[in-house]
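One structure below.
Just so it is clear, none of the values below were taken in a lab; they were calculated from the coordinates. Please read these numbers as outputs of a predicted model, since none were measured by experiment.
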Amino acid sequence: MTKAHENAEGHQVVHDWIRENREKERQEASFEQQKKSEVKLTPLENFLSDWKKQLKSRSY
């Protein structure tokens with residue numbers, strides 16, 4: 001097997017892994033969103049959730 005062929009295969013493996021992880025993240029996000037829509041949060045939980053999002057958006 002040539003080096004170019006090995007590199008191309010390795011490159012494809014990385015792309016496949018990235019694609020699988022992105023799909024998994026999308027599925028998890030969709031599941032979390034579905035869970036949130038089924039469960040009504042208390043005002044305190046809503047506040048804490050918003051506060052956490054603000055902290056994340058401010059972090060560098």
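Which of the three applies to the chain, rounded, prolate or oblate, going by the alpha-carbon gyration tensor with a ≥ b ≥ c and a/c under 1.5 meaning rounded? Oblate. Only helical runs count toward this figure. For the chain, summing -39,500 (n - 2.57) over DSSP H runs of n ≥ 4 and dividing by all residues gives -31000 deg cm²/dmol at 222 nm. Under 27 Å of direct C-alpha separation, and excluding same-chain neighbours fewer than eight residues apart, K53 reaches these lysines: K24, K35, K36, K40.
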